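The values are calculated or read from the model by the stated rules, or taken from the named source; none is laboratory data. Values in this document were obtained by computation on a predicted structure and should not be read as measured data. Cβ coordinates were reconstructed from backbone atoms using ideal geometry, including for glycine residues, and neighbour counts include every protein chain displayed.
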Amino acid sequence: MNQVMGAHDRVETAEAMEVATLLLLRVRTRFEALDEPSEAMAGSMLVAENAATAFDPVEYQVARHRARAVDALEMLMDSMHDRTSGRLEARPMAMYALVRMSIEASAMALWTIQSSKKHDRILRALQVAYAHIVEYADFASVVGKEDEAAPYIKFRDDKTERLVGLKDAVGTLRQKELTKPPKLWRILQAVSPTVPPGQPYGVDSPYVVWKMTSAFLHGSDHLTRDLGDFEQVTESDGVGATFMVKPSWSLLCSCVAACVMEVEKLDARVRYLGTTAYGERSLLPSA
């Protein structure tokens, strides 16, 4: 815990910043070496589950989430390190929005396909698709009058019926209700297992990274003081003192590393499901 909290009680040393910079450069190299997973092979679990989620195939869902995660990381790394000039830069608040976007997107994708059970993966993909059509209709209701929103609400109802039909086609899911996915914090917890179970989450786990970045987005004063580097510039006048907000370079670099590792985990899971048939039979050619 002391590795994260209490940052305002120290000044980030040159040595710590150098270590963080080396970490950033290494994970950037790993990130640039990532290859987008190939299309799933015929006969694989992923292809079968694309058919079972045909309204919005699970493989396409995961690819969209991955694209959001990668886009945020690309912008973040380009903002932090200019290759031409070698300049390094961090902002105290704004960059955490990109970290959160990336970790949320990769976590949602991984949660959808992480279960070892076919029916879990299908249900989760259908839940995500359902949440999207509900959001679509809700937005129309906010920006349009009742008659203008009516076609979008009908679209939601028609497509919900189709999603329920896809759910009921899987025998083990017939008795389950089609709902939205769990709350986002539960999804982040689900992709952040602890060893042994019940122990505190690691500081580099997706759940902790998400909680930290949320604090910056929400302007949570006490947490941002502990997680950032705040320098007091005036003495207290009995009411308060003035502080200068400085970014924690080490924290930002460690968050970027966690985001890259999460994309790597996602890609590994997609490749496995896309090259393996039910029964754990690999479809890859023998070496």
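Descriptive notes on the structure:
- Leading residue by the ranking (farthest from the chain's Cα centre (by Cα)) among those in segment 193-210 that are within 20 Å of L98 (Cβ to Cβ) and surrounded by fewer than 20 Cβ atoms within 10 Å (Cβ to Cβ): V203
- Among the residues listed as D158, D120, the single one being surrounded by fewer than 19 Cβ atoms within 10 Å (Cβ to Cβ) and within 15 Å of V58 (Cα to Cα): D120
- Restricting the first member to segment 66-83 and to residues that are over 15 Å from R26 (Cα atoms) and touching a residue at least 12 places away in the same chain (Cβ under 8 Å), and the second to residues that are polar (S, T, N, Q) and buried (at least 21 other Cβ atoms within 10 Å of the Cβ), the beta-carbon pairs closer than 6 Å and six or more apart or on different chains are A69/S102; A69/S106; A72/S102.
- Residue satisfying condition, being over 19 Å from S205 (Cβ atoms) and touching a Pro at 6+ places or on another chain (Cβ under 6 Å), within set A90, A97, A48, A67: A90
- Boolean, A63 is more than 30 Å from G171 (Cβ to Cβ) and either at pLDDT below 95 or outside any loop (DSSP other than H, G, I, E, B) (or both): no
- Criterion (modelled with pLDDT under 90 and either surrounded by 13 or more Cβ atoms within 10 Å (Cβ to Cβ) or assigned to a helix (DSSP H, G or I) (or both)) met by exactly one of P92, P37: P92
- Residues (touching a residue at least 24 places away in the same chain (Cβ under 8 Å), out of contact with any Phe, Trp or Tyr (no Cβ under 8 Å at 6 or more places or on another chain) and among the small types (G, A, S)) located in segment 100-121: S102, A105, S106, A109
- Count of residues meeting criterion [small (G, A, S) and part of a helix (DSSP H, G or I)] in segment 144-161: 2
- Flag for A51 being more than 20 Å from the chain's Cα centre (by Cα), modelled with pLDDT of 95 or more, within 28 Å of Y272 (Cα to Cα) and not in a helix (DSSP H, G or I): no
- Residues of segment 162-194 satisfying the condition of being free of Cβ contacts under 8 Å to residues at least 24 places away in the same chain and in a helix (DSSP H, G or I): V164, G165, D168, G171, R186, Q189
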